[in-house]
1. Looking at residue A:559, is it in contact with a strand residue (DSSP E or B) (Cβ under 8 Å, 6 or more places away or on another chain) and at the interface with chain B (Cβ under 9 Å from one of its Cβ atoms)?
2. Among what's in segment A:613-643 and is touching a helix residue (DSSP H, G or I) at 6+ places or on another chain (Cβ under 6 Å) and within 12 Å of another protein chain (Cβ to nearest Cβ), pick the residue that is nearest to residue B:158 (Cα to Cα).
3. Please verify whether segment A:573-583 includes one or more residues that are at the interface with chain B (Cβ under 10 Å from one of its Cβ atoms) and under 17 Å from residue B:161 (Cβ atoms).
4. Anything in segment A:413-437 that is surrounded by fewer than 24 Cβ atoms within 10 Å (Cβ to Cβ) and touching a helix residue (DSSP H, G or I) at 6+ places or on another chain (Cβ under 6 Å)? List them, or say none.
5. Residue B:141 fails exactly one of the following numbered conditions: (1) closer than 21 Å to residue A:564 by Cα; (2) assigned to a loop (DSSP other than H, G, I, E, B). What is the number of that condition?
6. Out of segment A:444-477, which residues are touching a helix residue (DSSP H, G or I) at 6+ places or on another chain (Cβ under 7 Å) and within 25 Å of residue A:396 (Cα to Cα)?
7. Quick one: count up the residues across segment B:74-107 that are crowded, with 22+ Cβ neighbours inside 10 Å and assigned to a strand (DSSP E or B).
């Protein structure tokens, strides 16, 4: 059933890919429908800093320091808002600050015109500047006369530039307001906005899983992926691109060849839009517009509300007061069904109280336990789960290649269901790390069914120092084991019900172990992972008498049946309940004919079910003692057990 | 026949009742099981070893036992006991067969009877072919039920169903020292073997 679903999904995506590829190829050969519009989809800052970055320069030389603040002003040239860059009252460290567009895909040798309406006091100073991947393109000083003033710059992109970005600087301590930033080709036209796949995916949160199109989703991907590298990212096995970085809204620019999101969706991947910069403006009221503008695309599966809102140490760029954050989340929820999440920076090293106030603003968590230290990852997942058990996605950075795969498993074993590497450009330049990330994606994708399988952690006890995640999926048992320490570990994995001689395959290592009764032995040379799979294991049933109620003539005995092994127990039934009197008042318990077999259903490993048997104890009293034999059966009789309980009274 | 019916140690009950009265907050009411004289036993292949016990009933219920088992570690006690049987021998119950009923606030203590196997919690037959030094490490697990009244009173209400009570335990198979008769045989044989070895060396020298 599940396999059929997967196959159907593959077929759907294949069709989708074919259509997408056709349309993209068709459109790539055309200049795109030109109109007197704007290449920038947020030129008027009506959605805050969506599609923009911000920066301040401090006289101290320290990043993120200084007294500039970015806000939305209702003093606008058009629309509801303009962007204001101003030094705080009494601020002394206001060297300069800039707002800049994310990287705009360049058309080689194309002429462009950028126009900005700016309002800054006489004597103020500012600059509009265009930079590209092939070098500086243009720059003009802004006119500051206390009125809204139009400022234009014409420039040509050379043959080598892949992207360019527009900066607007405030060099003064007086407020500068910026509005209606319009970028067109040299002839004043711009392509129309294109969305090949409008709509909203079915995405939700169930327990600690994100459900995409109804199925648990294992998110694997990178931050900061330029459009030109989408297919390279796809080749790593990634399925998701995180918008934090150069592609926050993804649908930021009209460049006439299908949108970034269209390309993502066509490449069988999904996207997470990012509103981090917008979230720092203390303007919750813009979030419905943000969601309506950038949310409706089938590539989008969740919304990254903000990056490090809890990082009080960096007030301008990161920190958001919890009340503001929650207000933003509530405003966003009113305009999108996509689940919201945010990266809680403190989770990796601080206390729960730091992040508790943010929980109402989002639907699931992200944390960034960077570096080679495995303990901060466990700290993060434990802390966030203690606040509220929700899905957890993790940001991971570039670490020694040998640690990337085990740390990815460590994330999964500790409950994460998403891993994003920071950042794609950095990994792209590091073949060792990129290969390791590719290996991690490949292995975890292979194990996706197991990762979301039935939990059977209680049935497996690893050697000391080893952490495991044990799951049952499609008839096989899986044990994902990680040694987070450099010390070697050799020991026994105790597995309930495993039979001597059972073959244990060590996945991705071409090894096979042979179990002894109750477990198997393996070793770790140091930090590393092993994945054990046990195909078609036998299982063990057990039971206990869980309750007895009702009148003597019709006592209801509840029999709790437990699948205590690592294999499936299909069509499990209580086959019989036999009474042997061992003392007390003589009597003969009777069970109605036809009661057995009493089905309790299919039991995955570690599952329980209750069967209720009505017994007529007429003539008995509490002195009447019996030895009771509960017979169990499953798997068409291949699995059977009889559990005996002595000294049972009615 | 319930040969070891036990209706409570009055002194122990009085002590526990007095203790309970002194406590401002009552602790979790669970019985305790201690294996005596030691939870860790050893014996040679083919031997039989056993455990005595002390059970303290801290609960407000009458306790009666429905099974006892020796399970290899790790033992899964919930949601239903999943017991992995020992490999170096076989465990046999005593306590359940004796069916003691322990009254609330009472305790029961029995030494293991190594001759008649009539008292104690159970015994363990070490397999004759068990290879020293090997061991089974796990827990003795009792399953008990709880009643509001003495169930033998004829009208008891059952309150607790199939509750596990466990204590760590182990059996180590150890090498057996030669018995006197065996030692005599060895004492006789060794000189003969020495003479045979000397003669063999002489023959080898002549051949070379």
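1. Criteria not met by residue A:559.
2. Looking at the filtered set, the residue picked out is A:622.
3. Initially, segment A:573-583 is screened for residues at the interface with chain B (Cβ under 10 Å from one of its Cβ atoms), giving A:582-583.
Next, only the ones that are under 17 Å from residue B:161 (Cβ atoms) stay: none.
Among the residues of segment A:573-583, not one is at the interface with chain B (Cβ under 10 Å from one of its Cβ atoms) and under 17 Å from residue B:161 (Cβ atoms), which makes the answer no.
4. A:414, A:415, A:432, A:433, A:434
5. (2)
6. A:444, A:451, A:467, A:468, A:469, A:470, A:471
7. Qualifying residue count, segment B:74-107: 7.
Here's the yes/no breakdown for (1) at the interface with chain A (Cβ under 8 Å from one of its Cβ atoms); (2) at pLDDT 95 or above; (3) closer than 17 Å to residue B:30 by Cα; (4) in contact with a helix residue (DSSP H, G or I) (Cβ under 9 Å, 6 or more places away or on another chain):
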residue	(1), (2), (3), (4)
B:64	yes, yes, yes, yes
B:70	no, yes, no, no
B:76	yes, no, no, yes
B:84	yes, no, no, no
B:87	yes, no, no, no
B:90	no, yes, no, no
B:93	no, yes, no, no
B:96	yes, yes, no, no
B:100	no, yes, no, no
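The values are calculated or read from the model by the stated rules, or taken from the named source; none is laboratory data. Quick caveat, the model's predicted, so the values are computed rather than measured. For neighbour counting, all protein chains shown are included, and Cβ atoms are generated from backbone atoms with ideal geometry for every residue, glycine included.
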